[in-house]
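The values are calculated or read from the model by the stated rules, or taken from the named source; none is laboratory data. Because the structure is a prediction, the values reported are computed rather than measured. FYI the Cβ positions are ideal-geometry reconstructions off the backbone, even for glycines, and counts take in every protein chain you see.
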Amino acid sequence: MPFAVQAATLPDALAGVDILGRAQTGSGKTLGFCIPLVTRLAGGYTMACRPRGLVLVPTRELATQVQAVLSPLAHAMGLSVAAIFGGTPQSPQVAALRNRADIVVACPGRLADLIGQDHCHLGDVEVTVIDEADHMADLGFLPAVRRLLEDTPPEGQRLLFSATLDGAVDVLARRFLSRPARHSVDAASPPAQIVHHLLTVTSAERVEVVAALASGDNRVLIFTRTKHGAQKLARQLNMAGAPAAELHGNLAQGARSRNLAAFGSGEVRVLVATDIAARGIHVDGIDLVIHADPPTEHKAYVHRSGRTARNGADGVVVTVQTAAQAAEVRILMRKAGVTPQAATASPGSAVLRSIAGPPVRRIAPVTKLAWAPAAESARATGHGAAAASGSFRGRGGRGRR
């Protein structure tokens, strides 16, 4: 049985109509655009360095996962797919383009670089997909997306998907979509089958509380605000006896792919990540999402939380806050439409055992690994208001996703 977004968009997309779709990550939209993409391109001829299908995505991880979904469908229709993104050598990507890749799944930056080097031309693109357009806007990619769309033929079909359709995304849609069919799958509220917890802790005990939550036999995805925070917390959890991998922009692409594969296969139960994992990964069976650093706005909360309770499964989300963060987190929860089960927690609290489940192994006490409150972190790094939400402090200052 198709997901709601697939049932809504497939007839129009297969008919060649432009699509403006509102759907959050995990709603099934990837198949919703992959099926019409390969169907409409089947039987055509692609010249070297001139793809006929284009999918623009915000992150390397999402590019890899869209390619994984798209490639078997394309192969069945006699088509080939190339993934284009930074963080890896460009030579294999250039070779794939020269070998007449029919469809390119790309992050805007690397694709623009290859176009600038005359390795790729978009003048033959018949179908363009813009996925996670609101996340593109959050990351500042929309100017590059606009330039890329201007290189595609105006008569081509365009499918734009986004969790929100306001602001810059609406401007993009009005500029590049022609009389689109509008389809909306509820993306404003988190899935109903998620249980939300809000735990108030002291700064000194925060790492131990997170370690206790990660000590059970659940598959756990933990979010921090910065890449340095993710590095630090992953190291702390490993020291505490909870083996954890990390995923953030400080890692080379090979390491990111290996860590994500280990988490997806179950080799590693705990993954500590920045917001690149909020939309860029599709791993089934995530039992527990922990906001070790509360996100700064409600959309990020919804997307982070949406990593669990996928494909009809249940899930649990825990937000860990200090008393100083309570006011901003309360506003965030209200905007996200969430009423959490609130409690004050310390490392030995029964609520942690009830969420984590039976421990896999004894968790050793975490000492001298305290979380740095926002004000202290800001003073130490000199980033002032940029550190407003607080984070686990690692060496090297402020981090990118």
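Summary table below
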read-out	value
Near pairs, Cβ below 8 angstrom, 6+ apart or cross-chain, from the range 156-169 (free of Cβ contacts under 8 Å to residues at least 60 places away in the same chain and over 15 Å from VAL5 (Cα atoms)) to any residue that is of a type in the set (S, T, N, Q) and part of a strand (DSSP E or B)	GLY156/THR128; VAL169/SER162
Within the range 4-50, tally of residues that are in contact with a helix residue (DSSP H, G or I) (Cβ under 6 Å, 6 or more places away or on another chain) and charged (D, E, K, R)	1
Conditions (1) assigned to a loop (DSSP other than H, G, I, E, B); (2) outside the structural domain of ALA144 (by TED's automatic domain parsing); (3) of a type in the set (Ser, Thr, Tyr): number failed by SER257	(1)
Residue check, PRO153 of a type outside the set (Val, Ile, Thr), assigned to a loop (DSSP other than H, G, I, E, B) and without any contact (Cβ under 8 Å) to a residue 60 or more places away in the chain	yes
For ALA144: the one exception among (1) of a type in the set (Gly, Ala, Ser); (2) in a loop (DSSP other than H, G, I, E, B); (3) in contact with a Pro (Cβ under 6 Å, 6 or more places away or on another chain)	(2)
Residue that is out of contact with any helix residue (DSSP H, G or I) (no Cβ under 6 Å at 6 or more places or on another chain), in the same structural domain as PRO58 (by TED's automatic domain parsing), small (Gly, Ala, Ser) and at pLDDT below 95, where the choices are GLY140, GLY123, GLY116	GLY140
Test: residue in the range 338-352 that is surrounded by fewer than 23 Cβ atoms within 10 Å (Cβ to Cβ) and part of a helix (DSSP H, G or I)	yes
The lone exception for CYS34 - which of (1) closer than 29 Å to ARG98 by Cβ; (2) under 24 Å from the mean Cα position of the chain (by Cα); (3) surrounded by fewer than 19 Cβ atoms within 10 Å (Cβ to Cβ) it fails	(3)
Hey, LEU97 more than 28 Å from ARG304 (Cα to Cα), crowded, with 18+ Cβ neighbours inside 10 Å and at pLDDT 95 or above or not	yes
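The rows are residues; the columns are (1) in contact with a strand residue (DSSP E or B) (Cβ under 9 Å, 6 or more places away or on another chain); (2) modelled with pLDDT of 90 or more; (3) not in a helix (DSSP H, G or I).
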{"site": "ALA300", "(1), (2), (3)": "yes, no, no"}
{"site": "ALA309", "(1), (2), (3)": "yes, no, yes"}
{"site": "VAL316", "(1), (2), (3)": "yes, yes, yes"}
{"site": "ALA327", "(1), (2), (3)": "no, yes, no"}
{"site": "LEU332", "(1), (2), (3)": "yes, yes, no"}
{"site": "LEU369", "(1), (2), (3)": "no, no, yes"}
{"site": "SER389", "(1), (2), (3)": "no, no, yes"}
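A quick yes/no check of all residues on (1) of a type outside the set (Gly, Ala, Ser); (2) buried (at least 23 other Cβ atoms within 10 Å of the Cβ); (3) within 18 Å of PHE33 (Cα to Cα):
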{"position": "VAL127", "(1), (2), (3)": "yes, yes, yes"}
{"position": "GLU132", "(1), (2), (3)": "yes, yes, yes"}
{"position": "ALA137", "(1), (2), (3)": "no, no, no"}
{"position": "PRO143", "(1), (2), (3)": "yes, no, no"}
{"position": "ASP151", "(1), (2), (3)": "yes, no, no"}
{"position": "PRO154", "(1), (2), (3)": "yes, no, no"}
{"position": "VAL171", "(1), (2), (3)": "yes, no, no"}
{"position": "PHE176", "(1), (2), (3)": "yes, no, yes"}
